[in-house]
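Encoded as structure tokens, the structure appears first; notes follow it.
The values are calculated or read from the model by the stated rules, or taken from the named source; none is laboratory data. Small disclaimer: the values here were computed from a predicted structure and weren't measured. Cβ atoms come from the backbone with ideal geometry, glycine included; neighbour counts cover every protein chain shown.
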Ligand SMILES: [Zn+2]
């Protein structure tokens, strides 16, 4: 099996393997009503031993975090991502290896203003916080990400137009192509601003930037 390379995360998965990993953890988003699974995403920077998990409008369960670490360890990184030691206060660095991105993502917006926070962009926000990056442009973020050997963010549903464009323009890998624009608003994690559906910035590749 060929792998895209070895990094701080071990032997990295191929895009297809990573997508299968995300679906295994969260299920494919689909169905309707109560059966519909929430949008979830997992991301990583290739140069850092950390996995960012997020479930839209919720928290990632301890079991899911543990499963993610376990699966990753079995498949790609025997010694990198430690698992099942979240309760151990002496293992803080290992605790950080698999995290709920919503712990780190930051926003000044109130809960009621958070429609348009897409799982992929919550992962980006967490990466910004974790690294203390404060880019002002997409190009600046692209430079930071390139210095970490790149990044991947894969969701259990196709990326919307704006998330897809954002990831393309910042050098973040994803799978499944780019879908239609969201039916609600779209949150730009660099600007911490929600752009209204159909507003003046909506037609832009990446609203606000
Ligand atoms: Zn989106």
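Among the residues that make up region 16-25, is at least one of them touching a strand residue (DSSP E or B) at 6+ places or on another chain (Cβ under 6 Å), modelled with pLDDT of 95 or more, buried (at least 19 other Cβ atoms within 10 Å of the Cβ) and under 14 Å from residue 150 (Cα atoms)?
Within region 16-25 (the criterion being touching a strand residue (DSSP E or B) at 6+ places or on another chain (Cβ under 6 Å), modelled with pLDDT of 95 or more, buried (at least 19 other Cβ atoms within 10 Å of the Cβ) and under 14 Å from residue 150 (Cα atoms)), the answer is no, since none of the residues qualifies.
Checking residue 72 against (1) buried (at least 16 other Cβ atoms within 10 Å of the Cβ); (2) modelled with pLDDT of 85 or more; (3) over 30 Å from residue 185 (Cβ atoms); (4) out of contact with any helix residue (DSSP H, G or I) (no Cβ under 8 Å at 6 or more places or on another chain), which single condition isn't satisfied?
Single failed check for residue 72: (4).
In region 109-160, which residue that is within 14 Å of the chain's Cα centre (by Cα), more than 16 Å from the ligand (Cβ to nearest atom) and farther than 21 Å from residue 178 by Cβ is surrounded by the fewest Cβ atoms within 10 Å (Cβ to Cβ)?
If we take residues in region 109-160 being within 14 Å of the chain's Cα centre (by Cα), more than 16 Å from the ligand (Cβ to nearest atom) and farther than 21 Å from residue 178 by Cβ, then 129 is surrounded by the fewest Cβ atoms within 10 Å (Cβ to Cβ).
Return the pairs, sorted by first residue and then second, in which the second residue is within 15 Å of the ligand (Cβ to nearest atom), the first residue lies in region 120-138 and is free of Cβ contacts under 8 Å to residues at least 60 places away in the same chain, the beta carbons are less than 8 Å apart, and the residues are 6+ apart or on different chains.
Final answer for the pair search is 129/105; 135/190; 136/190.
If only one of 200, 168 is out of contact with any helix residue (DSSP H, G or I) (no Cβ under 7 Å at 6 or more places or on another chain), within 21 Å of residue 133 (Cβ to Cβ) and more than 10 Å from the ligand (Cβ to nearest atom), which one is it?
None of the other options fit; the residue is 168.
Would it be correct to say that residue 79 is assigned to a helix (DSSP H, G or I), modelled with pLDDT under 80 and either at positive phi or surrounded by fewer than 16 Cβ atoms within 10 Å (Cβ to Cβ) (or both)?
Against the criterion (assigned to a helix (DSSP H, G or I), modelled with pLDDT under 80 and either at positive phi or surrounded by fewer than 16 Cβ atoms within 10 Å (Cβ to Cβ) (or both)), residue 79 does not qualify.
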